[in-house]
Amino acid sequence: MRWWDIDPVLELEKDLFPEDAWSRGMFWSELAHSRGPEATRRYLVAEEDGHLFGYAGLAASGDLGDVQTIAVRREQWGTGLGGRLLTELLRAATAFECAEVLLECRVDNVRAQKLYERFGFEAIGFRRGYYQPGNIDALVMRLNDPSTSVNGVQGTEING
């Protein structure tokens, strides 16, 4: 993901997460930490013929990775794009030498939970009222050794 991707990313963000969408400033801040030798973030976009179909981001701190976001355009649900984005984030976690990766997922987002479980993530707890303003709980999930879940992917171009 680069600065010129922020506008289409924001459009998809607001469509998928209308109550708790990230702001332009939040994406700019994350991208500021995604380049150079001291980078601690990896943000990706999935696009084809100039159309954005999804995006994802990972933060790394020490040996811990944290999936910050994964979003896929509704008409792409069920195509494997979410899995391809997650695979790329786990590759980034491996490159950052993360021993484990955490994420939060809305408790009502069963589709995403099933994706994470297929990659080996396990539920380890809850964060009550994590998603605001809806006061929705988050399921906290963890993957030990992300390098074991990385596999080859094909399809829509994923760009960092």
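The values are calculated or read from the model by the stated rules, or taken from the named source; none is laboratory data. All figures in this text were calculated on a predicted structure; none of them were measured in a lab. Every residue, glycine among them, receives a Cβ derived from its backbone with ideal geometry; neighbour counts consider all protein chains shown. What goes into the accessible areas is simple: the full protein's heavy atoms, side chains included, and nothing from ligands, DNA or RNA. Shrake-Rupley method; radii C 1.70, N 1.55, O 1.52, S 1.80 Å.
Quick notes on this one:
- Measuring r between the beta carbons of L16 and E97 and using R0 = 35 Å, the FRET efficiency lands at 0.70.
- Largest-first ellipsoid semi-axes for the range 1-106, taking √(5λ) over the Cα gyration tensor eigenvalues, angstrom: 21, 16, 13
- With a cut-off of 9 Å between beta carbons, the residues surrounding Y130 carry a summed charge of +1, where Lys and Arg count +1 and Asp and Glu -1.
- Here each label is just a point 7 Å from Cα along the line to Cβ, and for W77 and R142 those points are 3.0 nm apart.
- Remark: the chain carries 53 Å² of accessible area per residue (probe radius 1.4 Å; ligands, DNA and RNA excluded).
- If the chain linking R24 and R2 were pulled fully straight, counting 0.36 nm for each residue of separation and taking away their Cα-Cα distance, it would gain 6.7 nm.
- Once the chain from N109 to H51 is taken as fully extended at 0.36 nm per residue, the excess over their C-alpha distance is 18.4 nm.
- Local net charge near W28, Cβ-Cβ under 15 Å (Lys/Arg +1, Asp/Glu -1): 0
- Dipole moment magnitude, nearest 20 debye, the range 56-105 about Cα centre, only Lys, Arg, Asp, Glu C-beta charged: 340 debye
- Contact order relative to length of the chain, as percent, for alpha carbon pairs under 8 angstrom and 6 or more apart: 22 percent
- Across the accessible surface of the chain, with the other protein chains kept in place and a 1.4 Å probe, carbon and sulfur atoms take up 47 percent.
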